[in-house]
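Here is the structure we will look at, set down as structure tokens.
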Amino acid sequence: MTWYEGVLLGFLQGATEFLPVSSSGHLVMGQELLGLHVPGMAFEAALHFATLLSVVVAYRERIGALLAGVARGEREQLGYAGRLVLASVPAAIAGIGFGDFFASLFDSAFVTGVALLVTGCVVWSARAALARDPAGKAGVGTAIVMGLAQAAAIVPGISRSGATVVAALWRGVDPREAAAFSFLMSVPAVGGAAILKVPELMVGQGGGGVAAEAGGAASGVDAVSMVVLGVAAAVACATGVAAIRMFRAMLVSRSLHRFAPYLWVVGVVFLWLVSGW
């Protein structure tokens, strides 16, 4: 993989991981339409850690206050941390218990196209949810609902940020708080996904997906140079921070629903292209 392909994939991952357009769906489309092959687990792990770092950078003050409060045993911060953990449970159960099923969905371009259309409908509904002037906080019930939405977003084409934030808005959560909780609850999910790849990375096995289809030639850290990997990760991290800020700004301006037409057009065009009509 060339450095500019690494930059392209890093940009695609960073932008779509946090905007409500589905990073998994766009990566599937990128590989399907452009022939860009993700070379093994090293590259995937690097991009996951890069997007994790994006959240840490964007919410460093809040994360610092949360950790300090938990260390001091503050009830409010302990409760918030507990709700973040609770919200991570559904995705953990889905990923561990039904991992093979979800992995199989990445081989179906049709599933991705339909899921993008569904995400468009979900994002469009944010307009009505915001019209209700939500101003609450994320309680236990909301944490569970957002956790279920995050689990559903394992399906390629379902946006994690879009599904979780819109779910929170319909639960009456303030837009800024909905975004903060959504991105902070992604830390265990994204970090866990990256950590699960470490054993395969260490033993030098590329795993499945596109690399396996290529004949298993791509494996571990031998599949891509450290320079390309580092550049891609840096681009993903920087793009991710910008995407988070853009997402929050669009929530405040109540314009998040504008992503819906894009998702509908992309979903329809992608389904048309892969159908062979």
### Summary
If amide H atoms are modeled at 1.01 Å from N in the peptide plane, then the residues at a separation of 5 or more from residue 173, or on another chain, having amide H under 5 Å from its own are 136
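Just to verify a number: FRET efficiency for residue 4 and residue 274, C-beta to C-beta distance, R0 = 35 Å, to 0.05?
Efficiency, from the Cβ-Cβ distance: 0.85.
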#### Entry: From phi via Karplus (6.51, -1.76, 1.60), per-residue ³J(HN,Hα) for region 67-79 in Hz, x at Gly/Pro
5, 5, x, 5, 5, 8, x, 5, 4, 4, 5, 5, x
### Task
Keeping all protein chains in place, calculate the accessible area per residue for region 52-133 (probe 1.4 angstrom), answer in Å².
57
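So what is Rg over Rh here for region 137-183, counting just Cα atoms and using Kirkwood for Rh? Walk me through the intermediate numbers first.
Working: Rg = 9.6 Å, Rh = 10.1 Å.
That ratio is 0.94, to two decimals.
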### Message
Report the per residue volume, in Å³, of the convex hull enclosing the C-alpha atoms of region 72-190.
### Response
88
### Summary
Of the accessible area of region 52-130, computed with a 1.4 Å probe and all protein chains kept, carbon and sulfur make up a percent value of 69
### Simple spin-label estimate for residue 177 and residue 137 in nanometres, 7 Å along Cα-Cβ
0.6
### Query
How much accessible surface does residue 140 have with a 1.4 Å probe, in Å² rounded to 10?
90
### Query
If you plug each phi of region 137-151 into the Karplus form 6.51 cos²θ - 1.76 cosθ + 1.60 with θ = phi - 60°, what whole-Hz ³J(HN,Hα) values come out, in order, with x for Gly and Pro?
10, 7, x, 5, x, 5, 4, 5, 4, 5, x, 5, 5, 5, 5
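The values are calculated or read from the model by the stated rules, or taken from the named source; none is laboratory data. A quick note: this is a predicted structure, and the numbers were derived from the prediction, not measured. Every residue, glycine as well, gets a Cβ built from its backbone with ideal geometry; the counts of neighbours run over all protein chains shown. Surface areas here come from the heavy atoms of the whole protein model, side chains and all, with no ligands, DNA or RNA. Shrake-Rupley method; radii C 1.70, N 1.55, O 1.52, S 1.80 Å.
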